[in-house]
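Data first, discussion second: the structure below is written as structure tokens.
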Amino acid sequence: MENYKNLINFELWGNSGESYLFALAMFFTSVIILKIFQLVILKKLEKAAKHTKTDLDDVFVSIVRKLKPPFYSFIALYIGIKFLNTTSLINSIVDGLFILIIVYQIINALQILIDYGAQKIASKEGKKISSSITNSISMMLKITLWTFAVLIILSNWGINVTSLVAGLGIGGIAIALALQKILGDIFSSFSIFIDKPFEEGDYIVVGADSGVVQRVGIKTTRLKTLQGEELVISNQELTTERIRNFKKMQKRRVVFGFGVLYETPKEKLINIPSMVEDVIKAEEKSDVGRVHFKDFGDSSLNFEVVYYVNSGDYEEYMNSQQTINLNIKERFDKEGIEFAYPTQTLFVNKIN
């Protein structure tokens with residue numbers, strides 16, 4: 001009993017032994033309460049997650065699980081210290097560390113939400129957008145969060161952040177001017193991501209270049225040309241040029257012509273449009289537009305044909321055109337109609 005009284009009446013740094021015991025009791029009590037609080041919330045979230053279709057609750061479960069014992073120990077220590085008389089320096093250090101830990105945990109939680117959002121966008125779009133775009137956006141958001149976090153921490157530590165922000169602003173302008181081209185490509189990649197003029201797998205034509213989009217990066221887009229080589233184009237160029245996207249094509253309009261000999265009888269000329277229409281109608285993915293005797297050429301009677309291929313795929317279009325050409329040739333051979341080719345006839349008058 002005497003030892004207990006001595007302990008109670010013991011004083012160190014302006015606090016009695018009783019104050020230290022009370023602060024220690026508050027520390028252990030806080031650790032237990034916070035841990036129970038985590039387990040209760042975690043259990044409720046996991047239970048709710050089993051009955052919901054969304055996976056957002058799984059994200060909150062992950063956030064709660066990220067709160068490790070050292071975090072609870074520090075919060076409990078902070079609460080316990082607040083029941084003691086301490087110097088202003090110790091108070092400032094403890095408060096600063098408290099702000100640091102809290103902000104760190106909040107930023108970690110927000111980072112998990114950002115990763116979740118980026119993953120949802122990527123899974124929703126499938127392979128239509130490059131993962132590098134979503135990763136870059138996610139990274140920039142995280143950098144912004146950490147920048148604000150550092151400013152908040154410094155402000156709470158009594159550091160004047162106004163001049164720091166002004167200095168960063170001037171430095172940012174200088175960096176932006178120096179990296180104008182690179183930043184232009186980066187913002188252009190965001191424009192491509194949001195507007196989606198093309199996606200991975202699309203066949204596009206940009207100026208005199210064309211190819212299949214392989215990857216949309218943060219600075220450049222890579223195409224695989226028909227010759228097989230990789231073509232790298234800056235994103236800024238892609239947002240300033242006209243782009244022809246053949247993958248978006250649902251139906252292809254085809255125009256072609258042919259000529260027959262001038263010696264072809266009128267009866268056969270009249271039947272040629274219906275012959276060609278029958279050939280096109282027999283092709284599965286093709287629809288007739290029109291077939292007309294167009295004009296009198298230098299060495300042929302010219303016909304013009306318009307039809308539609310119900311597919312945007314170039315290979316299917318070429319297969320249809322090949323089949324139509326072969327069948328027209330076969331049909332004309334049966335009817336005795338000959339295709340014309342460039343010829344010249346020389347008439348000579350005999351002078352007596």
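Is it fair to say THR144 is at pLDDT below 65, out of contact with any Lys or Arg (no Cβ under 9 Å at 6 or more places or on another chain) and polar (S, T, N, Q)? Break it down stepwise before answering.
Details: at pLDDT below 65: no; out of contact with any Lys or Arg (no Cβ under 9 Å at 6 or more places or on another chain): yes; polar (S, T, N, Q): yes.
The answer is no for THR144.
Taking the stretch 218-232 as the region of interest, how many residues are over 18 Å from ILE194 (Cα atoms) and buried (at least 18 other Cβ atoms within 10 Å of the Cβ)?
Residues in the stretch 218-232 being over 18 Å from ILE194 (Cα atoms) and buried (at least 18 other Cβ atoms within 10 Å of the Cβ): 1 in total.
Yes/no per residue for (1) under 22 Å from ASP115 (Cα atoms); (2) assigned by TED's automatic domain parsing to the domain that holds ILE114; (3) at pLDDT below 70:
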residue	(1), (2), (3)
LYS43	no, yes, no
ASP57	yes, yes, yes
PHE83	no, yes, yes
SER92	no, yes, no
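So in the stretch 201-217, with the set limited to residues that are in a strand (DSSP E or B) and among the charged types (D, E, K, R), which one is surrounded by the fewest Cβ atoms within 10 Å (Cβ to Cβ)? Working first, answer last.
So in the stretch 201-217, the residues in a strand (DSSP E or B) come out as 203-206, 209-216.
With among the charged types (D, E, K, R) added as a condition, the list becomes 209, 215.
Details: ASP209: 13, ARG215: 16.
That would be ASP209.
Residues of the stretch 241-266 being assigned to a loop (DSSP other than H, G, I, E, B) and more than 35 Å from the chain's Cα centre (by Cα), which ones? Spell out the reasoning first.
So in the stretch 241-266, the residues assigned to a loop (DSSP other than H, G, I, E, B) come out as 241-242, 249-251, 261-265.
LEU261, TYR262, GLU263, THR264, PRO265 - these are the residues of the stretch 241-266 that are assigned to a loop (DSSP other than H, G, I, E, B) and more than 35 Å from the chain's Cα centre (by Cα).
Would you mind telling me which numbered condition in (1) loosely packed, with under 13 Cβ neighbours inside 10 Å; (2) at pLDDT 90 or above ILE328 fails?
(1)
For the structure I just gave you, tell me whether LEU269 is modelled with pLDDT of 85 or more, part of a helix (DSSP H, G or I) and touching a Leu at 6+ places or on another chain (Cβ under 9 Å).
On the way: modelled with pLDDT of 85 or more: yes; part of a helix (DSSP H, G or I): yes; touching a Leu at 6+ places or on another chain (Cβ under 9 Å): yes.
In short, yes.
The values are calculated or read from the model by the stated rules, or taken from the named source; none is laboratory data. Bear in mind the structure is a predicted one, so any value in this text is a computation, not a measurement. Methodologically, a virtual Cβ is constructed for each residue, glycine included, from the backbone with ideal geometry; neighbour enumeration extends over all protein chains shown.
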